[in-house]
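Written out below as structure tokens is the structure these notes cover.
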Amino acid sequence: MRTRCSHVLLWVKDIHQAVRDFRQLGFTVDYATKKQNAQHAHIWFREGAIIELLTSPSNAHYFKWLIDIFAGLGAGRRMIRWSQEGEGFCDVALVSEDFDNDLSTLQQSGIQTGRVVPWRRTKPDGQKTRFRFIYPRSERLPFMVSPYNPSQHPDETNHENGATGLHKVHMDVSAQDWQAVRQLTAADPTFNLKPGAITKVTGVEINGLKEDLDPNLLHSGKVNRANFV
């Protein structure tokens with residue numbers, strides 16, 4: 001598999017407050033859709049993986065069965081977990097340039113998945129983009145997405161705080177998930193894996209940051225300068 005880190009998801013209670021806070025930290029933050037209906041916002045870098053801020057309804061647990069019907073078994077548990085665990089990093093997505101072949105490899109290796117979900121999104125400027133995603137049934141494994149079509153990456157990305165790119169994604173990985181996570185992430189040196197009680201993103205390192213970030217504005221996400229985690 002030739003998957004690489006696409007984005008690290010940071011769940012927040014209030015997407016608009018989170019956008020304000022991360023902008024105060026010196027990041028350029030773009031809403032993924034029109035502001036009034038937005039549930040996602042992106043922190044883009046010059047190249048490579050990005051950070052996605054997201055929120056979800058507090059009553060999502062009432063719709064678990066609908067989510068499972070839509071995206072396959074395990075999807076409901078995954079999305080409910082995001083909010084139940086509170087603010088902070090909640091998941092990580094891997095992008096595949098060869099989505100169908102990588103999906104076949106994934107399934108042949110014994111990793112059970114839900115169904116492929118085609119999705120489209122309309123940006124604030126009206127541009128539409130399409131992509132596909134699929135969740136493993138084990139809700140703590142990274143999930144896989146296809147590239148955005150057309151690409152959403154801005155022509156220029158500049159952050160007042162000096163950030164240039166996501167250097168490392170640190171993950172704890174449980175014994176039962178170790179083999180699967182290694183298979184999914186082995187092609188990308190961005191990931192730093194270590195054994196842990198449960199599989200989760202524990203923090204990220206960012207290249208170029210001029211100074212440490214105020215933890216009170218990070219919504220429980222551990223975001224440090226490269227080599228300072």
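Computed on alpha carbon atoms, what radius of gyration and Dmax characterise the chain, expressed in Å?
For the chain, the Cα-based Rg and Dmax read 16.7, 46 Å.
Cβ under 13 Å from Met171's Cβ, Met171 left aside: what net charge do those residues give with Lys, Arg +1 and Asp, Glu -1?
Value of the local net charge: +1.
With the contact rule set at Cα under 8 Å and sequence spacing of 6 or more, what percent relative contact order holds for the chain?
23 percent
So what is the accessible area of the chain per residue, in Å², with the probe set to 1.4 Å?
On a per-residue basis, the chain sits at 51 Å².
Could you tell me the accessible area of Ser104 in Å² (1.4 Å probe, neighbours in place), rounded to the nearest ten?
Accessible area, nearest 10 Å²: 40 Å².
So for the range 120-192: antiparallel DSSP bridges make up what percent, rounded to the nearest 5?
75 percent
Would you list Glu97, Glu85, Glu139, Glu160 from the most to the least accessible area, probe 1.4 Å? Please report the intermediate quantities before stating the final value.
Values: Glu97 130, Glu85 95, Glu139 45, Glu160 155 Å².
I get Glu160, Glu97, Glu85, Glu139, largest accessible area first.
Leaving ligands and nucleic acids out of the surface, order His40, His219 by accessible area at 1.4 Å, largest first. Intermediate values should be presented prior to the final figure.
Values: His40 50, His219 25 Å².
These residues rank, largest area first, as His40, His219.
Can you give me the % of accessible surface on the range 106-179 that is carbon or sulfur? Probe 1.4 Å, all protein chains present, nothing else counted.
On the way: 1760 of 4000 Å².
It is 44 percent, rounded to a whole number.
If you roll a 1.4 Å probe over the range 38-102 with all protein chains in place, what percent of the accessible area is carbon or sulfur?
Summing carbon and sulfur atoms, their accessible area is 55 percent of the total for the range 38-102.
Which value, in Å² and to the nearest 10, is the accessible area of Lys128 when all protein chains are kept and the probe is 1.4 Å?
For Lys128, solvent-accessible area is about 110 Å².
Going Cα to Cα from Lys210, which lysines come in below 26 Å? Please leave out same-chain ones fewer than 8 positions away.
Straight-line reach from Lys210, under 26 Å: Lys168, Lys222.
As a test of the formula, what do you get for the chain when each DSSP H run with n ≥ 4 contributes -39,500 (n - 2.57) and the sum is divided by the residue count, at 222 nm and rounded to the nearest 500 deg cm²/dmol?
For the chain, the value works out to -5500 deg cm²/dmol.
Excluding Arg2 itself, calculate the net charge of residues whose Cβ lies under 12 Å from the Cβ of Arg2, where each Lys or Arg counts +1 and each Asp or Glu counts -1.
Combined, the nearby Lys, Arg, Asp and Glu give -3.
Please find, in a Gaussian network model of the chain (springs between Cα atoms separated by less than 10 Å), the residue of Val116, Val201, Val145 whose mean-square fluctuation is greatest.
Val116
Sorted by accessible area (1.4 Å probe), largest first, how do Met79, Met171 line up?
The ordering from most to least exposed comes out as Met79, Met171.
DSSP beta bridges in the chain, what fraction antiparallel, as a percent rounded to 5?
Approximately 65 percent, going by the DSSP bridge assignments.
At 1.4 Å probe size, what's the solvent-accessible area of Ile198? Round to the nearest 10 Å².
My reading of the accessible area for Ile198 is about 70 Å².
The values are calculated or read from the model by the stated rules, or taken from the named source; none is laboratory data. None of these values were measured; they are calculated from a predicted model. Every residue, glycine among them, receives a Cβ derived from its backbone with ideal geometry; neighbour counts consider all protein chains shown. Just so you know, the surface numbers come from the protein's heavy atoms only, side chains and all, with ligands and any DNA or RNA stripped out. Shrake-Rupley method; radii C 1.70, N 1.55, O 1.52, S 1.80 Å.
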